[in-house]
Ligand code: NAD
């Protein structure tokens, strides 16, 4: 199965479907990421905060898959924001991951209260210039944060990784991203598994002979989102990868659009981190 690739605003490409590893311990990550690579995933999303960069690195090595065939993302944790501290944190991440570059480096949260994301971004720009981070982006940035980042540095992030699922569709941010050439990457694309019992989704899934998880992932791909579903269960890792052999109708899309809730956020609000 060839996974579609999305072209980013710096000319690099990212596989639209990847594998996320939040809440997977270092040891468990070795097996889980190994399983994902065996299934065919070639895009792994980790973060310093997840505490499993070492396990991810071990799995990459053990898989025998060439480093150049894997798209690897990690993220800078909030406490490490700042110009000099970013380089230190980045070096430590590379060491744990056992690699000399990442494909994508993200600022994990804007953290408006500490107001250090501009200096952090200037360090990111240098990491990109040096080729150690092939692409640079952000996560959980609000429209005002993105506007400020772009106005003050002139460098637009390639991606904003945000909470996004049928219950929380983030239309305003998605429209803004599109205007600015920022790709939208959905975290918790399955709503952390909490939206899989929805009756409308079940009905659509049954019509296509697919699971609710597959139906939701298909919806994301159709609207152009990059997705990084997580599971440690081998059958689900495979299920979440098997989302290319069917099509949702425009009626299905309308029904899923209607699930967007005014109060659908599951994770924390960027204002409060
Ligand atoms: P998710 O939406 O991917 O849901 C994962 C959960 O859904 C699993 O733990 C499991 O309980 C269930 N699940 C997965 N596949 C299933 C299937 N086929 N059938 C039934 N249940 C299934 O949630 P997530 O882990 O929060 O998000 C995915 C990734 O996004 C993370 O691993 C991480 O890489 C990233 N993330 C980033 C941020 C950020 O701030 N940037 C925050 C949260 C998550």
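Computed from the coordinates by the stated procedures, all read-outs in this text should not be read as laboratory data. Not measured: the values here are computed from a predicted model. Neighbour counts are summed over all protein chains in view; Cβ atoms, including those assigned to glycine, are modelled from backbone coordinates with ideal geometry.
Just name the residue that is surrounded by the most Cβ atoms within 10 Å (Cβ to Cβ) out of those in the stretch 149-164 that are more than 14 Å from the ligand (Cβ to nearest atom) and within 24 Å of residue 267 (Cα to Cα).
That would be 158.
Have a look at 261, 209, 267 and point out the one that is within 16 Å of the ligand (Cβ to nearest atom) and at positive phi.
Being within 16 Å of the ligand (Cβ to nearest atom) and at positive phi holds for just one of 261, 209, 267, which is 209.
Given the residues 223, 216, which is the only one that is closer than 19 Å to residue 17 by Cβ, away from the ligand (no atom under 15 Å from the Cβ) and free of Cβ contacts under 8 Å to residues at least 60 places away in the same chain?
Exactly one of 223, 216 is closer than 19 Å to residue 17 by Cβ, away from the ligand (no atom under 15 Å from the Cβ) and free of Cβ contacts under 8 Å to residues at least 60 places away in the same chain, namely 223.
Going through the stretch 183-200 one residue at a time, which ones are away from the ligand (no atom under 12 Å from the Cβ) and either crowded, with 20+ Cβ neighbours inside 10 Å or assigned to a helix (DSSP H, G or I) (or both)?
Within the stretch 183-200, 183, 184, 199, 200 qualify.
Restricting to the stretch 247-270, what's the tally of residues that are more than 20 Å from residue 193 (Cβ to Cβ), over 20 Å from the mean Cα position of the chain (by Cα) and assigned to a helix (DSSP H, G or I)?
7
Of the residues that make up the stretch 235-246, is at least one over 22 Å from residue 19 (Cβ atoms) and either within 15 Å of the ligand (Cβ to nearest atom) or assigned to a loop (DSSP other than H, G, I, E, B) (or both)?
no
Give the number of residues within the stretch 113-131 that are buried (at least 17 other Cβ atoms within 10 Å of the Cβ) and touching a helix residue (DSSP H, G or I) at 6+ places or on another chain (Cβ under 8 Å).
Count: 6.
Starting from residues that are within 15 Å of residue 179 (Cα to Cα) and in contact (Cβ under 8 Å) with a residue 12 or more places away in the chain, keep the ones in the stretch 132-144 and report whichever is surrounded by the most Cβ atoms within 10 Å (Cβ to Cβ).
Checking each candidate, the answer is 142.
Having 2 or more residues that are within 14 Å of the ligand (Cβ to nearest atom), over 18 Å from residue 241 (Cβ atoms) and free of Cβ contacts under 8 Å to residues at least 12 places away in the same chain is the bar; report the strands (runs of 3 or more DSSP E) wholly within the stretch 1-102 that clear it.
none
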